[in-house]
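The values are calculated or read from the model by the stated rules, or taken from the named source; none is laboratory data. Note that the structure is a prediction, hence the values are computed from the model and not measured. A quick note on method: Cβ atoms are made from the backbone with ideal geometry, for glycine too, and the neighbour counts reach across all protein chains shown. SASA here: full protein model, heavy atoms, side chains in, ligands and nucleic acids out. Shrake-Rupley method; radii C 1.70, N 1.55, O 1.52, S 1.80 Å.
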Amino acid sequence: MDSQTDIHISLRTHSSRSAAFEVFAPEVREGIPEESDSGEPPSQQMQPLSRKAPHKEKRFKGIPASPGIVIGQAVTFVVEPITIKQALIEPERVPAEIERFHHAIAECTAELHRTITMANDEAPVAAPILEAQLFMLNDPSVGAMVTEYIRKQYSADHAVQDVFDSQQAIMRHASDAYLRERAADLEHVKQRLLNFLANRNLVAPEIGEGSIVISESLTPSDVMLFRKSGMAAFATESSGITSHAAILARSMAMPSVVGLANVCKRIHTGTKLIIDGFAGIIITYPQPETLERYERRQQDLENKFRKLGKYASLPSQTLDGRKIHLFANADSPEEIEMARASGAEGIGLIRTELQLLERQIVPSEDEQTAFYKDLAERAYPLPITLRAFDIGSDKSFGLIPHEPNPALGLRGLRFLLKNRALFTAQVRAMLHASCHRNVRIMLPMITTVQEFQKALSLIEGCKATLRANGEDFDENIPVGAMIETPAAALIARELSAMADFFSIGTNDLTQYTLAADRMNAGVMAIFDTFHPAILRLLKMTIEAAQYSNIPVAVCGEFASHAAATELLVGMGINELSVAHTSLLDMKKRIRKVNFLATKTLSSEALTLATSSEVRKYLISATR
Ligand code: PEP
Ligand code: MG
């Protein structure tokens, strides 16, 4: 592509829309005063066309949608709106027009099937999105409405436009954010149909290896097909981070930034730029120092992932196909990004109390909402587990009165039920953050059924308040129980009837079962999760979860213990939540084991009488 030439090339694209790839040199803009970061008067930026002034480095701030850094050239992708020329038809044309509509449906269906096949190979996360579009395309009620319209002597194009627009209007006004976002899918389906009806030639654009596509918005198919022709990253004006393009980008580990107002007009094809998907910025005409800094960061990232990187995209399953969902424990937005980059399937534990302990104040409900929303959006569409404040014991906080034995005092749910205003504010903040339907609430330090029931009714009360205010939240937000006291494990059957999931906190389960303070170096030898008592409580908890058919995870440190993987898999654990730094190692281990063999191994381990026998057995059996 000749970046010195002032030309515009319009290309028909593969996708449903007609698009123009704008190709012209940055130099042609030299006479145009450009916004200055330094605030210099415009006169200083007006350059005669013959003299080439160096371009100033310029930053555009958007929303980080998918982490990573790419340095490359911009390709600006502008969508041309479709204009429908003929609205009305002669009565005798009606049957042919209905036929034309059905033909377009058949063609679009075939094209979507091809894209789905591609998605299954390259981006499995996109497949359900495209399947949903396929479903919308073939929805008989919409088909009937379009046919009815054509019978009233409207052209097929006009009928499609009107019917789809009215369906979209209904979706856009839905109180459910998820439904509102699906209106965009319907728009993509409509555009596909209109393109076929307009006989548009579908040609995949050649955009060049390593390009950064700048667009108003992108469809999931755009993302996949542009990637095939070399797109390394993209930036869009409108899409939110929950848009399918952004979801896809994250699943493909393709850096992207969204929400960049007016970039299409301000960044032209051929412009050199850096996209920083961590910070959500793009930098045009980077200065040598900036380039150097970003090249160094790229190198660091590459080194980090080179060793185990291949495991990030491989499925987490045993040799004989048993899925073990690998989740990450995260304490900050950055850790969520790192977890995603290492292929985490979700966030299994956010210790929300850390926010409170760091600042030594209780953040307001609005602050909590903003924080949880940010976390949930970074994780989206993966599930994220927000644990209610687990304060007390070693996580002491000014609000808790001095207790002679704090580990056995007001901790976790006990404290929350005594401080209902604080608990209520937190639950409301979590519910607000659930608007994208990917948040799970988890309750810590449970010892009785009543505690869990009380927490559930408080959550229901919070839902009622939000409902009455017309606020958007997940009515079906899963509420899980942490099993981290022997009492909780022993009443796991009863708890499993009320909880949506279990997560076993082996750190506390060990401390409370063995009466060995997890903070006391003097009893470290006693604090041993391989103790048969813990294994039996684990087994009991897993069986209760299986009885009620709810998922059961381990989120304590034991989950990433090298000698424990086979034991936990064999016992029937569905999910392991570990630090993001352990994810790739864990995946490697899981992919080497055989589920049937681990079942035998765990049954054998459960018959042993001491921790050292269990350890010895596991080490020798898995060597
Ligand atoms: C646990 O107890 O295992 C756990 C995950 O919670 P925390 O370490 O925060 O107490
Ligand atoms: Mg705990």
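Spatial offset of region 310-362 relative to region 476-519 amounts to 19 Å, using the alpha carbon center of each. For region 557-564, 3J(HN,Hα) computed residue by residue from phi via the Karplus equation (6.51, -1.76, 1.60; θ = phi - 60°) reads 4, 4, 4, 9, 5, 4, 7, 9 Hz, glycine and proline entered as x. The charge dipole of the chain, taken about its Cα centre with unit charges on the Cβ of Lys, Arg, Asp and Glu (plus for the first two, minus for the last two), comes to roughly 1220 debye.
On the beta carbon distance between Glu604 and Glu494, with R0 = 30 Å, the FRET formula returns roughly 0.55. Taking amide H as placed 1.01 Å from N in the peptide plane, Met498 has no amide H partner under 5 Å among residues 5 or more places away or on another chain. Each other residue within a Cβ distance under 13 Å of Pro91 adds +1 if Lys or Arg and -1 if Asp or Glu, for a net charge of 0.
Candidates His580, Leu567, Leu349 compared by Cα position along the dipole of the chain: farthest toward the positive end lies Leu567, with charges placed on Cβ. Between Asp331 and Asn138, the contour length at 0.36 nm per residue exceeds the Cα-Cα span by 65.1 nm. Shape class for region 506-594, computed from the alpha carbon gyration tensor (a ≥ b ≥ c): oblate, with a/c not under 1.5 and a/b at or below b/c.
The amide H of Ile324, built 1.01 Å from its N in the peptide plane, has Gln317, Thr318 as neighbours under 5 Å, considering only residues 5 or more places off or on other chains.
Carbon and sulfur together cover what percent of the accessible area of region 469-587 at a 1.4 Å probe radius?
On the way: 2100 of 4120 Å².
Answer for region 469-587: carbon and sulfur cover 51 percent of the accessible area.
Test of understanding: given the chain, find the longest segment containing no GluC sites (Glu not before Pro) that are in a DSSP loop and have at most 12 other Cβ atoms within 10 Å.
Values: sites that count: Glu35, Glu209, Glu475.
Of all site-free stretches, the longest is 210-474.
Nearest 5 percent is fine: what portion of the DSSP beta bridges confined to the chain is antiparallel?
On the way: 29 of 67 bridges.
So the antiparallel bridges in the chain amount to around 45 percent.
Overall size of the chain from C-alpha positions, given as principal axis extents largest first: 82, 64, 52 Å. Annotation for Asp121 and Ser166: the two label points, set 7 Å from Cα along the Cα-Cβ direction, are 4.2 nm apart. Taking amide H as placed 1.01 Å from N in the peptide plane, the amide H of Gly68 sits under 5 Å from that of Gly277, Phe278, each at least 5 places away or on another chain. Each Cα pair under 8 Å and six or more residues apart adds its separation to the average, and for the chain the resulting relative contact order is 13 percent.
Secondary-structure-derived ellipticity at 222 nm for the chain, considering helices only, amounts to -13500 deg cm²/dmol, per-run term -39500 (n - 2.57) for DSSP H runs with n ≥ 4. Surface analysis of the chain yields an accessible area of 43 Å² per residue, using protein heavy atoms and a 1.4 Å probe. According to a simple spin-label model (label point 7 Å from Cα along Cα-to-Cβ), what is the distance in nm between His173 and Arg467? Taking the simple label geometry, Arg467 and His173 are separated by 2.3 nm.
Summary of the geometry: region 370-440 and region 452-472, compared by the centres of their Cα atoms, lie 15 Å apart.
State the percentage of accessible surface on region 362-420 attributable to carbon and sulfur atoms; use a 1.4 Å probe and exclude ligands, DNA and RNA.
55
The alpha carbon gyration tensor of region 316-622 gives principal lengths a ≥ b ≥ c with a/c of 1.5 or higher and a/b greater than b/c, which makes the shape prolate.
For region 316-622, the Cβ-based charge dipole about the Cα centre amounts to some 640 debye (Lys, Arg positive; Asp, Glu negative; other atoms uncharged). Mean separation of Cα pairs under 8 Å and 6+ residues apart, divided by the residue count of region 316-622: what relative contact order is that in percent? It rounds to 20 percent for region 316-622.
State the antiparallel share, in %, of DSSP beta bridges confined to region 316-622, rounding to the nearest 5. Of all bridge pairs located within region 316-622, approximately 5 percent are antiparallel.
Hey, with R₀ at 25 Å, roughly what FRET efficiency would Asp300 and Ile619 work out to, going by the Cβ-Cβ distance, to 0.05? Walk me through the numbers before you get to the answer.
On the way: r = 35 Å, r/R0 = 1.42.
E between Asp300 and Ile619, to the nearest 0.05, is 0.10.
Taking a ≥ b ≥ c as the square roots of the eigenvalues of the Cα gyration tensor, region 355-394 is classed as oblate, since a/c reaches at least 1.5 and a/b does not exceed b/c.
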